[in-house]
Each structure stands twice: as structure tokens, then as C-alpha cells.
1. Tell me, please, whether a residue that is at pLDDT 95 or above, under 20 Å from residue 236 (Cβ atoms) and in contact with a strand residue (DSSP E or B) (Cβ under 9 Å, 6 or more places away or on another chain) can be found in region 110-119.
2. Inspect all residues belonging to region 229-239 and state whether any of them is over 19 Å from residue 180 (Cα atoms), within 13 Å of ligand 2 (Cβ to nearest atom) and touching a helix residue (DSSP H, G or I) at 6+ places or on another chain (Cβ under 8 Å).
3. What about residue 205, is it within 16 Å of ligand 2 (Cβ to nearest atom), farther than 11 Å from residue 286 by Cα and surrounded by fewer than 20 Cβ atoms within 10 Å (Cβ to Cβ)?
4. Please tell me if residue 164 is out of contact with any strand residue (DSSP E or B) (no Cβ under 7 Å at 6 or more places or on another chain), within 30 Å of residue 276 (Cβ to Cβ) and buried (at least 20 other Cβ atoms within 10 Å of the Cβ).
5. If a residue must be within 21 Å of residue 161 (Cβ to Cβ) and surrounded by fewer than 23 Cβ atoms within 10 Å (Cβ to Cβ), how many such residues does region 223-244 contain?
6. Restricting attention to region 167-193, which residues are surrounded by fewer than 20 Cβ atoms within 10 Å (Cβ to Cβ) and assigned to a helix (DSSP H, G or I)?
7. How do the strands (runs of 3 or more DSSP E) wholly within region 241-297 filter down when requiring 3 or more residues that are closer than 22 Å to residue 180 by Cα, within 16 Å of ligand 2 (Cβ to nearest atom) and more than 11 Å from the chain's Cα centre (by Cα): which remain?
8. So which residues in region 245-260 are buried (at least 22 other Cβ atoms within 10 Å of the Cβ) and either without any contact (Cβ under 8 Å) to a residue 40 or more places away in the chain or away from ligand 1 (no atom under 14 Å from the Cβ) (or both)?
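The values are calculated or read from the model by the stated rules, or taken from the named source; none is laboratory data. Just so it is clear, the model here is predicted, and its values are computed rather than measured. Because the Cβ atoms are built from the backbone with ideal geometry, glycine has one as well, and the counts that use them run over all protein chains shown.
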Ligand code: PD2
Ligand code: ZN
């Protein structure tokens, strides 16, 4: 029978701030224990906040259950159909490889060469420096983990974008409305995306409101629009796996199970591009219809 205790909001926020700054959980536990808290309570408080960062689960409220089961990620099967090829509306794509953890599939001929060129031509004149969400403030900031240029398209903004969104819906079995606006990214030499997870961490008000409006992000589709000359691989450092971008191919991975727990093994990055350009189109997919907030997320 778990024992329920008070969890004062200022203590929770202090733990969240220090975890965001990179302070080790054990250090925080010892610090709390030195201030008249039992080690069991100190550990439970830090573990509950750390779980929100690691597994994308909600931040604890103003009470805590001591002795509650430890959170662990249990993978669900990928939503994608099984088999060597998949019919996606008017187009058939071939499966190159599947990965169980993180749950992923690599697809050939997801887009035609002409579709890749058209997307690049649409995006090139409207590129600006990519932004990321600051985990503390929730605001968009330049640089951070990504040094590419990018632009977003509205849902069905052009006939090509609408056609691709139908293709993605057929792949995932999720409505096109669950998708955030298609994002086009261009990496130039030296540009990279440092290791991150795509699910939203409830560490700031903007992310909490975004999750409340549209549900958690549950999957990412990366569509590679050109062959790269060197570098620019999408890597999953927790599982030691990388994907080399090939024009027209797509990588789809899922990280949030039906219980709302997200997979830390989905940590990923784009390695620094050595020469030329890398173009990729990204679709982030929500658990429910995507309703953008003031910052577009
Ligand atoms: O361009 C990539 O390979 C990449 C890597 C990591 C893209 C993203 N994340 C993303 O758009 O979330
Ligand atoms: Zn990413």
C-alpha cells in the first residue's frame, strides 16, 4: 500500500531546474536528504521529476506516492504495416530495414526524385535559422542543438505537401491532422543536430500546454531529399545505429507507447555535415489532432 506524501511545488521546480542544468540526480538526492528529508523521500522526489525528463511523462503534482512502481518504457509494435512493401495511397514503398528499439523502419522510394526537387525548390527561398525549444523557458531560441536552416509548411499548403501528408497518414494509420506542419531543413558544412529526443518534456509551461492541446509527439518521419557527400548521418547513439541519407528514402521511428511513456532509446542526432548540402523534410506526429499554440507548436 503506497504512502502518499506532500510534494511542495518549489521543491519540484528546484529539482527540475537543477536536472536541466545537468546536476546529477544522486547529488540532488543527497542534498535533499541533508535538509531533514528521509533518503526514501528524497529519492522518490528526484526520481519522479527525472522520469518526466527521461520518459516524457507528466511532472508530478503536489503529492507523491512512496513505493509506487518505477517507470519503464515498454515498446508497442510499430504502427506501420508488416511485409516487404507497403502501399501508401497511390505509391508503393519498399522496406529496407526494421529496428525494434527504438521502433523504426527505413523505406526506399518513399518520394520520387522529382518530389524531392520540388520540396527543395519550395523551401529554399524561405529558409531561416532553425530554432529549438529552450527546455527551461519553452521559448524558441536559435542555435541550441541544431545549426541548420529551416522552414515550416502549413498542413496541405501545396498540392505536393497535401499528397505527402496523405502518404504519411497511410503509413502510420494516424490522421493527417495529427501531423505538425512539415518542416524542411538544410544543413551546410559543419551543421549538425546534437543528440535530443523529439517527444516533449513537461519541464516548462509551453510544452505542458502543447501536450494538453495535441497530446504527446509519438513518431517522427525523416524524408531524405538528397544524397550527402559525407557526414550528415542520422544516428541513434543509445543503440549504436546510423542511417546514411539517400534521396527519396524515409526513416520513420516511434517513441511514445499507448500508456503515454516515451522511449529514451529514441535519442538521435544528425552528425556534422562534411561537405555539400543535406536536405531533409521532417514530420512530427501527435497522439491527437495538432492544434498549434502562439509559438506554432
Ligand atoms: O536531419 C536529421 O537527420 C535529423 C536528426 C535529428 C532531424 C531531426 N532530428 C529532427 O528533425 O527532429
Ligand atoms: Zn529530432
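1. Initial filter on region 110-119 (at pLDDT 95 or above): 110-119.
Next, from what is left, pick out any that are under 20 Å from residue 236 (Cβ atoms): 110.
Add one more test, that the residue is in contact with a strand residue (DSSP E or B) (Cβ under 9 Å, 6 or more places away or on another chain), and what stays is 110.
Scanning region 110-119 turns up at least one residue that is at pLDDT 95 or above, under 20 Å from residue 236 (Cβ atoms) and in contact with a strand residue (DSSP E or B) (Cβ under 9 Å, 6 or more places away or on another chain).
2. Looking through region 229-239, at least one residue is over 19 Å from residue 180 (Cα atoms), within 13 Å of ligand 2 (Cβ to nearest atom) and touching a helix residue (DSSP H, G or I) at 6+ places or on another chain (Cβ under 8 Å).
3. Working: within 16 Å of ligand 2 (Cβ to nearest atom): no; farther than 11 Å from residue 286 by Cα: yes; surrounded by fewer than 20 Cβ atoms within 10 Å (Cβ to Cβ): yes.
Here the answer is no, as residue 205 does not meet what is asked.
4. Working: out of contact with any strand residue (DSSP E or B) (no Cβ under 7 Å at 6 or more places or on another chain): yes; within 30 Å of residue 276 (Cβ to Cβ): yes; buried (at least 20 other Cβ atoms within 10 Å of the Cβ): yes.
Answer is yes for this residue.
5. Residues of region 223-244 that are within 21 Å of residue 161 (Cβ to Cβ), as a first pass: 223-226.
Okay, now just the ones that are also surrounded by fewer than 23 Cβ atoms within 10 Å (Cβ to Cβ), so 226.
Here the count works out to 1.
6. Once the filter is applied, which keeps residues that are surrounded by fewer than 20 Cβ atoms within 10 Å (Cβ to Cβ) and assigned to a helix (DSSP H, G or I), region 167-193 yields 169, 170, 177.
7. Working: elements: 241-243, 250-254, 268-270, 278-286.
The qualifying strands (runs of 3 or more DSSP E) are 250-254, 278-286.
8. Within region 245-260, the subset buried (at least 22 other Cβ atoms within 10 Å of the Cβ) is 245, 249-256.
Correct list: 245, 256.
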